[in-house]
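K.L.:
Before anything else, here's the structure in question.
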Amino acid sequence: MIPCVRFSAVGVTLNTREKAKIDIRLAVPGDIDALCEIEDQSFEIDRLNRRAFKRFVGSETARLCVACTDDGLVGYALVIFRRNVALARLYSLAVSPQWRGQWRGQGIGQQLLTRAEELSLDFGAPILRLEVSQKNDRAISLFHAAGYTEFALYPDYYPDHSDALRMEKVLVPNALRLPSPIHFYHQTLPFTCGPAALMMAMNALDPSLELDRNLEIALWREATTVFMTSGHGGCGPLGLALAANRRGFGAEVLSSRDGPLFVDTVRKPKNREVVELVHYDFARQAQDAGIAVTTGPFGVAEIEERAKQGKMALVLISQYRIYGDKIPHWVVVSGFDDRFVYVSDPDIGDDHEPFNGSDCLSVPILRNEFDLMARYGRDKLQAAVFIDKKAG
C-alpha cells in the first residue's frame, strides 16, 4: 500500500496571544519520541511509526525538520526527494493539537512550510508538490495563501475513499513553464515499462484510448524482444513502434546501435539467438510498415525537435541515476523548457517508498542530466520511439 500524504489541521488564524519563540531545525534521533507523540495525536490512520521516523532522520533523500519552543517539539514537516530529479514532495506536515488550539496564531504550520520550501531548493528541487484531502479546508487555505495551485484531482486517494487535491508550487518564479500533464498509468509488472509508457503517449494523442491492464499486457506480448535475468522479456524500440503503428499511430525510431539491443547481457547462446531472430523480424516488419529507423547517436535537441512537431517521445533511460539500479527503463517525455526535460515515469518505485503517480507525472529533470540518463550501459546505448497521429 502506498502511504497517503497527510496534513494535520494547521491553524493560520491570528489572535492577540503573545508570540512564542519558535526554532525550526532539522530533526535528530533524540526527537523521535516527541515526533511519534505528535503523530499519534494528529492522525488516526496511516501513522508514521518509530522505524519510519528513524529512517527519515539523516536520510540522503529526505529532510525532516521540526518546530521547537521552550516547551519542546511542537510540529514537523517531511520533504521527500529523488536523486537527479528537480521535484520534491511535501509528504507530511503536523502541528501539536495543543498548539493548534490553545496557541493558534503562532504560524507554526506556515513556518514549517517555508522551511520545507527552503530545504527543497537546497536539494536542487525548484518544484514542490503535495496531496491534501478536499475535506481539510484549513490546510488548503494555508497552501493557497503560500502560493500553491491545484493541478489535478486524485480520486479515491485516502483510506476513507475521499479525494485528494494535487497541489504544487514553483519555488523559482518565472523560471519554468510547466507542460500540460498527461494521463498517468502505473506499470503493473517489473518488465512492462515500455507498454505503460506507450499507453501514456498514445492516450495523450487520443484521449479515447482506454488505459487498462489488458492493453498493457497485449502491448508487452507484441513488443517483447529481450530476455532478462528473471526470465521475462523487456520491450525494444522496434516492437513498441510496431505496436503503435498497428493502432493507427505514426511511428519513428532512433537508435544508436544497428542490430539487436541488450544482446550482450543475455547469457545463454540459445536466448541470444531468439533475441536476434525477433529483432530482425521486427526490422523487416518496420520496413514494410514504412516506419523510419535512424541509426546513430542523438541527444536532447533531436528529441525536442520532434516534440515540437507534435510527436510523443518514449526514451530509454538508465534507472541508475534515479534509483541506483543498473536497469534499462522506458519513460515518456511530456515537455521541455529552457532548463528542464519533463518526464512521466510509469515506475513509482517499491511499495515501501513514499511516492505515487503525482511524483512521476511531468517530473522536471535538468537537460544535461537527462542527456546522461538517456544512455544505458557501458556502450552508452540510446533508443527513442516517437509516435504521432496518422494523417487522415
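The values are calculated or read from the model by the stated rules, or taken from the named source; none is laboratory data. Nothing here was measured: the structure is a model prediction, and the numbers come from that model. No Cβ is skipped: glycine too gets one built from the backbone with ideal geometry, and neighbour counts run over all protein chains shown.
K.L.:
Of all residues in region 50-68, count the ones that are in contact with a Phe, Trp or Tyr (Cβ under 9 Å, 6 or more places away or on another chain), part of a strand (DSSP E or B) and of a type outside the set (Gly, Ala, Ser).
P.N.:
4
K.L.:
Only residues that are part of a strand (DSSP E or B) and surrounded by fewer than 18 Cβ atoms within 10 Å (Cβ to Cβ): list them for region 69-80, please.
P.N.:
Within region 69-80, 69, 72 meet the criteria.
K.L.:
Something else about it: Among the helices (runs of 4 or more DSSP H) contained in region 95-168, which hold 2 or more residues that are at pLDDT below 90 and acidic (Asp, Glu)?
P.N.:
Correct list: empty, since no element meets the threshold.
K.L.:
Among the numbered criteria (1) assigned to a loop (DSSP other than H, G, I, E, B); (2) without any contact (Cβ under 8 Å) to a residue 60 or more places away in the chain; (3) buried (at least 20 other Cβ atoms within 10 Å of the Cβ), which single criterion is violated by residue 258?
P.N.:
(3)
Per-residue answers, yes or no, for (1) at pLDDT below 95; (2) closer than 26 Å to residue 167 by Cα; (3) surrounded by 22 or more Cβ atoms within 10 Å (Cβ to Cβ):
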residue	(1), (2), (3)
293	no, no, no
297	yes, no, no
351	yes, yes, no
354	yes, yes, no
358	yes, yes, yes
362	yes, yes, yes
365	yes, yes, yes
373	yes, no, yes
384	no, no, yes
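K.L.:
I'd like the residue in region 1-25 that is surrounded by 13 or more Cβ atoms within 10 Å (Cβ to Cβ) and more than 15 Å from residue 108 (Cα to Cα) and, out of all such residues, is modelled with the highest pLDDT.
P.N.:
By that ranking, first place goes to 6.
K.L.:
I'd like the full set of residues that are surrounded by fewer than 13 Cβ atoms within 10 Å (Cβ to Cβ) and hydroxyl-bearing (Ser, Thr, Tyr), limited to region 36-58. Steps first, answer last, please.
P.N.:
Start the filter on region 36-58 by keeping residues that are surrounded by fewer than 13 Cβ atoms within 10 Å (Cβ to Cβ), which leaves 40, 44-45, 49-51.
None - no residue of region 36-58 is surrounded by fewer than 13 Cβ atoms within 10 Å (Cβ to Cβ) and hydroxyl-bearing (Ser, Thr, Tyr), so the list stays empty.
K.L.:
Within region 140-154, which residues are under 18 Å from the mean Cα position of the chain (by Cα) and either under 22 Å from residue 94 (Cβ atoms) or without any contact (Cβ under 8 Å) to a residue 40 or more places away in the chain (or both)?
P.N.:
From region 140-154, those under 18 Å from the mean Cα position of the chain (by Cα) are 150-154; that's our starting set.
Across region 140-154, the qualifying residues are 150, 151, 153, 154.
K.L.:
Still on this structure, please answer the following. In region 194-218, which residue that is over 18 Å from residue 251 (Cβ atoms) and either in contact (Cβ under 8 Å) with a residue 60 or more places away in the chain or among the polar types (S, T, N, Q) (or both) is surrounded by the fewest Cβ atoms within 10 Å (Cβ to Cβ)?
P.N.:
Per the stated criteria, the residue is 208.
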